[in-house]
1. At q = 0.22, 0.23 Å⁻¹, what is the base-10 log of I(q)/I(0) for segment A:273-401 according to the Debye formula with one equal point scatterer per Cα and no solvent? Please give it to two decimals.
2. Calculate the length of the line joining the C-alpha centroid of segment B:6-20 to that of segment B:188-265, in whole Å.
3. At R0 = 41 Å, how high is the FRET efficiency between A:N296 and B:N296 if r is their beta carbon distance? Nearest 0.05 is fine.
4. Could you tell me which of rounded, prolate or oblate describes segment B:366-453, using a ≥ b ≥ c as the square roots of the eigenvalues of the alpha-carbon gyration tensor, with rounded for a/c under 1.5 and, failing that, prolate when a/b is larger than b/c and oblate otherwise?
5. Given labels modelled 7 Å from the Cα in the Cβ direction, how far is it in nm from A:E257 to A:E426?
6. Of all the accessible heavy-atom surface of the protein assembly as shown, with the other protein chains kept in place and a 1.4 Å probe, what percent is carbon and sulfur?
7. Along Cα→Cβ at 7 Å, what distances in nm separate the B:M277 label point from those on the other copies, shortest first?
8. Might you report the magnitude of the Cβ-based charge dipole of segment B:366-453 about its Cα centre, with Lys and Arg at +1 and Asp and Glu at -1, to the nearest 20 debye?
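The values are calculated or read from the model by the stated rules, or taken from the named source; none is laboratory data. In this text, all values refer to a predicted model and were calculated from it rather than measured experimentally. For neighbour counting, all protein chains shown are included, and Cβ atoms are generated from backbone atoms with ideal geometry for every residue, glycine included. Accessible surface is based on the protein model in full, side chains and every heavy atom, while ligands, DNA and RNA are left aside. Shrake-Rupley method; radii C 1.70, N 1.55, O 1.52, S 1.80 Å.
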There are 2 protein chains.
Amino acid sequence: MTKPSIPQGTRDFTAITIYKRNYILNTIRTVFELYGFEPLETPAMENLETLMGKYGEEGDKLIFKILNNGLNDSKNISKAKEGFDKLMEGKNTPQLTERALKYDLTIPFARYVAMNANMLTMPYKRYQMQPVWRADRPQRGRYREFTQCDADIVGSTSLINEVELSNIYHRVFVLLGLKNYELKVNSRKVLAALAQIAGGEQKMIDITVAIDKLDKIGLEKVKIELTERGLNENNISIIEKYLNINGSNEDKIEAIETLFAQSEIGRAGIEELKYLMANTSNVNLSIDLTLARGLNYYTGIIFEAKAPAEVKMGSIGGGGRYDNLTGLFGVPNIAGVGVSFGIDRIYDVMEEMNLFPENIANTTKVIFFNLGQNEVKIALQLMNTLRDNNIACELYPENVKLEKQFKYADKKGILYAIIIGTKELETKNCMVKNLKNGIQQEVAFDDLTVFINNK
Amino acid sequence: MTKPSIPQGTRDFTAITIYKRNYILNTIRTVFELYGFEPLETPAMENLETLMGKYGEEGDKLIFKILNNGLNDSKNISKAKEGFDKLMEGKNTPQLTERALKYDLTIPFARYVAMNANMLTMPYKRYQMQPVWRADRPQRGRYREFTQCDADIVGSTSLINEVELSNIYHRVFVLLGLKNYELKVNSRKVLAALAQIAGGEQKMIDITVAIDKLDKIGLEKVKIELTERGLNENNISIIEKYLNINGSNEDKIEAIETLFAQSEIGRAGIEELKYLMANTSNVNLSIDLTLARGLNYYTGIIFEAKAPAEVKMGSIGGGGRYDNLTGLFGVPNIAGVGVSFGIDRIYDVMEEMNLFPENIANTTKVIFFNLGQNEVKIALQLMNTLRDNNIACELYPENVKLEKQFKYADKKGILYAIIIGTKELETKNCMVKNLKNGIQQEVAFDDLTVFINNK
């Protein structure tokens, strides 16, 4: 006999949590579709070789690999042993494991686009809302199974896409009640220009990886890391000057226009930021020159969405432009740009700010109490009519003490209890009790739908 | 460089398929909630020991096991080797694999109920719609990842639950347009009574396993299998007589009332069937005495839903009553009854019968053609207003030849194209072209929402 338990870092979602999560997901889905994005769903598992090597060394270690089936069939044993030996050497082993759980939505999307590039209508705008799995050490707010929520446009280099994705962030956050969100933007081209004047282009990754930690570790430690990464004092002083640029968006633009006047890529990055500023009217955009985004496939505008400052939650979304995502799968020259929403974080923010609508649960509205088989027959008929009118109802299945039935209705948060006794059977009336305010009322069977609907 | 491919037996779902699948899932979800069921979601992975031994020997082999992470860390290597040796002996090995992908929704549900029995409001009515994974050999209509869709009531032995589940089948199938579905019912108690008079109660499983194959292999082969399973000629002749009972539901009840007059469990099973007949008015119930359902945990009423006879698709759902599901996890005496919908089959049936609504896709309704930056600015403003009014629209991101933009609109099935040229910018009118009928009309910017909404 197994004592039941759930795997570490995973969760059962019960009704109220699901209703709240779906409220977020449905809001985002509606907005994605308002902007012309269409859904895509990829399988939970991908071939291992699709995933390996795409997330860096640390990421690879966090991929959940699936054991091949039938390994101990006599015909497979020697292959399995070979595979196991390779595994022990830290190598990929299709002999032992051919498949793995997806680690994000981006690589499966790239795999899909590469497989179907010829038949897709470009630009292809897709959204995807699915769970992903990572063998991270579980901790508060970090799970081994969590939902990602992405929208990407591939096959277009136009900055209109960045504008539209910014508009999507705005519309989603406003609909969810997070009006004071902040959408931080920067351009990887601006960071490339910084590298040009502070250590050389080949130092770009070193600089961005260090800068990316600014929020977490502070300027002094970033400077130490930059030193360790081989930048000299002069380089670091330029970077520090850059990181200290502040003021309004316009001030920042002005400062980097001076700083990168000689850099072609710098001017291109500045043009991107200016285009975005000029073409988004409502979005709470703020240029954050320290924004770097860890992922090295970004090449243009990068985004990070922050929760309203009153909750200390940090990032609730992010994204950016990439130039050659499907190149990994042999299909070059498909550029794209995408954004992602952090569902778990948004959930926590909305919970803390008390933003979920009050009647979010589709709970039963009406319960018929069970007083015996004659009443049951009538209840079943009345329920059929209520349901035809989209009123959720149920009949307590056991003929037990009313007290127990009331308790059930109370725990489930049901609004109306209906009692049909011997007298009511004769008069074709039922007693409707509002369980919130205790008021009872006699209602004719035929008027029940109207009564419930008008309340 | 990896040539992209998708794991055998899994599928990418693209937009139109997702809209159709969601049409089915949302219909079922709505009905479940109308009947007072609440949602539950369990993780994709369960602890291996939760799943092993629950699906029979064959089932166990089809469970996808997840390799533990960090097996080649020096501290884990000896444990991993031990685990691998056990695996080669065909044993469960937490040293190598602690987790597995869920194989169905029933065992995770039982695990959830067992873990939370004290805090659940009984009877607990939950529905669950999630993917499950099986390492079956892929073939037409059989996938390694597929969605199950279950509703169960636990903590109640009342037959009202069976009545309500029958009503759910009826309402879902009618809403989906499958009016001529057939809901076959039987009782495992009737089959137990058959065993009593044809070989003894200890032969119950042998008899049901053989009978369960009647549809597939025919009566003669069932008789051979019964012989092989140790039943004698006399037993088999009784079983044959039973299997040949036909006529209306009433005829069948009458026949088994005679046949099982002496059997207490037989009479109990007949009462169940009669109660179900008497309390369901609209449901297309048909008693099928040959219905057995392979799973041995069923103890009372069993269901099998069949697609309308005009499509040769067979089963589109099934379920039944079980007495002690959570006993496996140390929590005894929680009885339940549940039903399941076969989403992939229902999808195929609806496709074949042409039952999906025509405008099922939430495609973009309006596209703004891109004629340059001045037009883009106006388009972005107009789109903002359209979206405020829930009209899905997009702007072609590149300023390319109109022919290419028309082609994109056509492929995406967009209804209206809006052209704003230099002239239109001045007059604050735009040209709206209906791409289905080719009709063009000039519409003032301010009237656009009303125009689109009234069309």
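1. After summing over all Cα pairs, the log10 values are -1.25, -1.29.
2. Between the Cα centre of segment B:6-20 and that of segment B:188-265, the gap is 42 Å.
3. Once the sixth-power term is evaluated, E becomes 0.15.
4. Verdict is rounded for segment B:366-453.
5. In this crude spin-label approximation the distance works out to 9.1 nm.
6. Carbon and sulfur: 47 percent of the exposed surface of the protein assembly as shown.
7. Copy-to-copy label distances for B:M277: 8.1 nm.
8. 340 debye
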